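Report on the structure given below.
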Amino acid sequence: MFSRPVPWLPAEGDAALITVSSRIRLARNLVDLPFPGRATVEQRRRILAQASAAAAGIVAAASRLIVSEMPDLTDLERQLLLERRLISRDLCRMGAGSGVLLAPDEHISVMVNEEDHLRIQALLPGLHLRAVHRLADDVDTKLSRCLPYAFNERLGFLTACPSNVGTGMRASVMLHLPGLALTGQIEPLMRGAQELSFTVRGMFGEGTEAVANFFQVSNQATLGESEDQTLGRLDAIICRIVDAERVFRQRLVRERREHLYDQIGKAYGSLRYAHLLTSKDAMNQLSLLLLGCDLGLFHNLRRGPLQELMIRVQPGHLQKLAGKTLEEVPRDVFRARLVREKLGNMADA
Amino acid sequence: MICEECHKHEASVHIQEIIGKKRLSLNLCAACASAKGVDAEKGLQGINLAALLLDLAKSKATVKPAETCPAPPAANRRCTGCGLTEADFRKHGRFGCAACYDVFTDLLTSLLHDIHRGDAHTGKKPGTAAAVAADGPSAPDLHLLTADLDRAVAAEAYERAAELRDAIRRLTASRRKARYPRHSHAATGGTGLEPPPGP
C-alpha cells in the first residue's frame, strides 16, 4: 500500500491547481460505554473488535478491510499512515485497544479509540465536498445500523470534546496558497475565516508554522447547523479563497516578477543540485516549483509528479524507499539524491 | 495591566480568541498562565482551550446563555456513568461518557453558545443518511475555466483572461444563488482580504 501513489492527490492533468484535496471526518461514540479517555483497555479492545466486525460487513467483498491495532504497528508504519493522512498524530501515540480500519483504496479510514470511539474519515482529490461527504456518510449510516451510537435529540452525536458535539463533522479542504502567503495575506485570511466560524491552519509544519504554503480550511462549529449548511458555507468560502489566490498570484507576476522568478529559479537550482536536503527545505522549494508549473515557467516539469514527490520526501516514505531506518544526516543525503534523480529524469524527458 | 485571575501581579500573557462574532480576551501573570497550562513560548499549543473558554465565558459575563442557568451545583459532583468530576473536565476539557452531558449541563451552556452556531442539533440522525445536496454540474466546468484563466495570464493574454474571469464570476454567482436563494450575501461573506485593482 505504501508504495502506491497517494490517492487524495489530484491526478496528472487534473485542473485542480489550488484545491488539493477534500476531507470529511465524523466523530461517533457507542452508547453505554465510557469515551476512550475513561475506558479500560478491555473496554477499548471490545470496541475495536465490534467496530472491526461491523466495518468488515460493509466493505465491498472484492476488497479486504485492513485492521491494525496500534501496538502491532511499527514506528515506521505509524509514520507512513500519518504522512498519508490516514491517522492522526494523537492516534500514533496510543496503545492497546486503539487502532485503525482501512479500506485498501485509502479513501476511507476509521480511527478507533482516538479521542472518540470512532472517527470515520473520507478523502478525495480536488474540491468535491459533497462527494467526499457521501462516502463518509454512507459508511457512518451503515455502521450506525450495527453499532448503537450515543445520540441526544437536542445535542446530536455526543463526543468527548464539546467542540465536536452535534453533527460531529469536521469538513476540510487542503489548498496550495503561495500567492496569498508570499504577499502577507494569510493572517487577514485567518481572521476573516474565523469570523465565519472557519479555521485556517498551515499543514506540514509544527504548531502554527506553515511549511510549503499548504493550508487547511475547516469548519469550527458542529452544532446549530446541518451538514448541508456547513458544506455549503465551506464551499462558498473556498471559492472566495481560490479567487483571492488567483488574484494575488497575478499581482505577484505583475509587480514582483523578477523577484518571484528568481525565488522559483533558485529553488529549482537547489533541488536539482543539492546534496543535503532537509524535509522542510524540500517541501518549501517544491512548493515554489509547483507555483512555477502553474505559471507555465517549466516546460518539462509536471505538477502530478512534483506533488507525489512532496509525499515521498517525508521521513516515513523516504525510509520506506531506502528500506531501512536513517538518522537525520543520512536521511537528508538520501532525500537530496532522490530529488536530484526525479528532477533530472523530468528534465531529460 | 493586572492579572485577571489573581488580581495581584502584572499580566504578561495576553490571550485573545475570536469565537463566532465575539472577541474574548484574558490577561494573566506568568504564574497563573502556567497554572492554566499556557506556555509563554509555545502559546496555546496543548492548552485546555475548552476550560479556558469556560473561564472566559463565566468571568467576562458578556455572553448571554440561551437558557437560564440553574443554581451552582456542588463543587465535588461526579458523573454516575464514568466518575468524571468537574475538576477533571476543567483540567482536560473532555467528557468521560454520554451521561456527563446530563450531569454537567450548566458547564455546557455558555461553552456551546461561544463555539457553535446554535444550541440545538439540526443534522442527521443515526441510521439515516444526511440530507445533503449533490454537487452541481458546474463544478468540473469551473475547474476547466480557471485552468484556462491561469494559462491566459501566464501568456499575458489579458483580454482573454478578463473574459474568462467574468465567465467564472457568473458561474460562481449562479451556483451560490442556487444554494442560497435568499441568503446569497451571508454565503459570500468576506475573507478579510483586500485584493488590488484589476489590470
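Rule-based calculations on the coordinates, nothing more; no lab input. Since the structure is predicted, the reported quantities are computational estimates derived from the model, not experimental observations. Here Cβ is always computed from backbone atoms with ideal geometry, including for glycine, and neighbour counts include all displayed protein chains.
I need the shape label for region A:257-348. Rule: rounded when a/c is under 1.5, else prolate if a/b > b/c, else oblate, with a, b, c from the alpha carbon gyration tensor.
prolate
Within chain A, what is the longest stretch that has no GluC sites (Glu not before Pro) placed in a DSSP loop and near at most 14 other beta-carbon atoms within 10 Å?
Result, exposed sites excluded: A:13-152.
Pick out, in residue order, every one of the trypsin sites (Lys or Arg not before Pro) in region A:309-349 that is DSSP loop and has at most 16 other C-beta atoms within 10 Å; say none if there are none.
A:Lys324
Order A:278-291, A:165-178 from most to least packed using the mean count of other Cβ atoms within 10 Å.
Result, highest mean first: A:165-178, A:278-291.
Expressed as a rounded percentage, what relative contact order does chain A have, with Cα pairs under 8 Å and six or more residues apart?
19 percent
Evaluate peptide A:139-151: per residue, the Cβ atoms of other protein chains within 10 Å of its Cβ; return the mean as an integer.
3
Along each principal axis of its Cα atoms, how long is chain A end to end? Whole angstroms, biggest number first, please.
On the principal axes, chain A reaches 63, 46, 35 Å in Cα extent.
Hull surface divided by four, with the convex hull built on the Cα atoms of region A:162-282: how many nm²?
8.7 nm²
Modelled label-to-label distance, A:Arg257 and A:Arg191, 7 Å Cα→beta-carbon offset: nm?
3.3 nm
Longer than 20 Å from Cα to Cα, which of A:Lys266/A:Lys342; A:Lys142/B:Lys124; A:Lys320/A:Lys342; B:Lys8/B:Lys91; B:Lys91/B:Lys124 are they? Say none if no pair is.
Where the Cα-Cα span goes over 20 Å, the pairs concerned are B:Lys8/B:Lys91; B:Lys91/B:Lys124.
In peptide A:94-104, what is the residue-averaged number of other protein chain Cβ atoms found within 10 Å of each Cβ?
0
Would you calculate a helix-derived [θ] at 222 nm for chain A, using -39,500 (n - 2.57) for each DSSP H run of n ≥ 4 and dividing by the full residue count, to the nearest 500?
Computed mean residue ellipticity for chain A: -14500 deg cm²/dmol.
Just how large is the dipole of region A:257-348 about the Cα centre, in debye to the nearest 20, putting +1 at every Lys and Arg Cβ and -1 at every Asp and Glu Cβ?
Charge dipole, region A:257-348, about its Cα centre: 220 debye, nearest 20.
Using only Cα atoms, locate the centre of region A:141-181 and the centre of region A:262-283, then give the distance between them in Å, rounded to an integer.
39 Å
Using R₀ = 56 Å, calculate the FRET efficiency as 1/(1 + (r/R₀)^6) where r is the Cβ-Cβ separation of B:Met1 and A:Thr325; round to 0.05.
Calculated value: 0.65.
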